[in-house]
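Structure first, then comments.
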Amino acid sequence: MIDFCDGFLSYLETQKNASRHTVRNYAEDLVQFLSYLETEGLTFPEGVNYLTVRHYLAYLKAGAYERRTIARKLSALRSFFRYLNREGLLADKTWTAVSTPRAGKKLPTFLYVEEVLQLLCAPDTATPAGLRDVAILETLYASGVRVSELVAMDTDDLDLTAGQIVVMGKGARERLVPLGRFACRALDAYLQSARPYFLRNSNSGAREKALWLNKYGNRLSDRGVRRIVDKYISQVSVSRKISPHSLRHSFATHLLNAGADLRCVQELLGHVNISTTQIYTHITRDRLKEVYQLAHPRA
C-alpha cells in the first residue's frame with residue numbers, strides 16, 4: 001500500500017496542486033488506515049470494501065474522534081480510492097455507499113475590531129522583524145488570504161500603486177485581492193527597510209522572489225507565520241484560541257457586519273461555493289441579536 005500512497009500523494013501535489021498542509025494531512029490519514037488494516041490482518045487492496053470502511057469508521061468513533069475529524073479522514077480515503085479506481089488498481093467500488101457522518105456546524109473564531117487594532121499595534125516597528133510582522137498582520141486582515149496563500153506570495157505579485165495583490169488559491173485558482181491603505185503603507189515600509197535587511201542572509205541574494213522572508217533570507221513558512229501571530233496574540237492578552245486563520249474569519253465577519261454583499265465576500269475569500277461563505281452570516285446574526293439585547297429598551 002505504501003507504493004500506492006506515494007503515487008496518490010504525488011498526484012495530489014502535481015496534478016491537483018494541493019497545499020503541503022493538505023498532502024501532509026492526507027498522508028497521516030492513509031498511514032493510520034494502513035495501520036488499522038494490519039491490525040485487522042487485512043491485505044490491500046483485496047481487503048478493502050464497504051464493510052472494511054464501515055468498520056474503520058466505527059473504530060475511529062470508539063477512539064473518541066470527533067465527527068468532523070472522522071468525516072475528514074473518510075474524505076481522504078474517498079479521494080485515495082477514487083484515484084486507485086481510475087488507475088485500475090482497485091476494482092471494488094462498494095465503498096462509495098459509505099455515508100459521511102453528520103457533523104455539527106462549528107462557528108469560526110474571530111476577533112472583534114478593537115482586538116484586531118490592538119494586535120496590529122503590537123509589533124515593534126523600530127526593528128526589521130517588527131516591520132515585517134506588522135506588514136504580515138495588516139496583509140492578513142486587509143485581504144483575508146489563507147496562510148498558505150500568504151507565504152506563497154512573490155514580490156512580483158504585489159502592486160502597491162494599484163493597492164492590490166495577485167493570490168494563487170486552492171486548485172490553482174488565481175484571484176486579484178485589494179489591499180487597504182494601511183496594509184499598503186506597512187508593505188511599503190517592509191519592502192524599503194526590512195526585506196533588504198533579511199535579504200543580506202539569503203543564498204539567492206537579489207534573485208530571491210519570495211515576498212516574506214525569515215531571518216535567514218529564505219521564504220517564510222506557514223509555521224513561521226503561525227509563530228508570529230501566536231507571539232502577538234499573547235502580548236495583547238486575547239484569552240480565546242486565535243490562529244492566523246482567525247484573521248481571515250475576522251476579515252469576512254467585519255465586512256458582512258458593515259453591510260458588504262455576500263457574493264463580494266465570497267469572491268474576496270476565493271470560495272468556490274457560496275455555501276462556504278454563508279457560515280459567516282450565522283456570526284452576524286448573533287452580533288445583531290447581541291446589539292438588540294443591549295440597545296432595545298424592551299428586550
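Observations
- In this simple spin-label approximation, H55 and D6 carry label points 7 Å from Cα along the Cα→Cβ vector, and these lie 2.9 nm apart.
- Legend: residue pairs K61/K289; K16/K93; K73/K215; K61/K231; K16/K231; K170/K215, Cα-Cα distance threshold 31 Å; pairs beyond threshold, K61/K289; K73/K215; K61/K231; K16/K231.
- Counting 0.36 nm for each residue step from Y65 to D156 and taking away their Cα separation leaves a gain of 28.4 nm.
- Ordering 184-192, 273-281, 246-254 by mean Cβ neighbour count within 10 Å, with the highest value first, yields 246-254, 184-192, 273-281.
- Additional length obtainable on full extension of the chain from S237 to Q32, 0.36 nm per residue less Cα span: 70.1 nm
- Look at the dipole of region 113-293 built from charges on Cβ: of G270, A162, N257, the Cα furthest out on the positive end belongs to G270.
- Among H55, H271, sorting on how many other beta-carbon atoms sit within 10 Å of each Cβ, with the fewest leading, yields H55, H271.
- Quotient of Cα Rg and 2.2 N^0.38 Å for the chain, N being how many residues it contains: 1.17
- Pairwise FRET efficiency - T109 versus A260, Cβ, R0 = 25 Å, nearest 0.05: 0.80
- Overall form of region 2-97 per C-alpha gyration tensor (a/c, 1.5; a/b vs b/c): oblate
- What the Cβ-Cβ distance of A206 and R173 gives, at R0 = 35 Å and to the nearest 0.05, is a FRET efficiency of 0.70.
- Dipole in debye (nearest 20) - the chain, about Cα centre, beta carbon charges: Lys, Arg +1; Asp, Glu -1: 700 debye
- About the centre of its Cα atoms, region 2-97 shows a dipole size close to 580 debye [charges on the beta carbon of Lys, Arg (+1) and Asp, Glu (-1) only; nearest 20 debye].
- For the pair T43 and Q278, label points projected 7 Å from Cα toward Cβ lie 4.8 nm apart.
Rule-based calculations on the coordinates, nothing more; no lab input. Please read all numbers here as calculations on a predicted model, not as lab measurements. All Cβ positions, glycine included, derive from the backbone under ideal geometry; neighbour counts span all protein chains shown.
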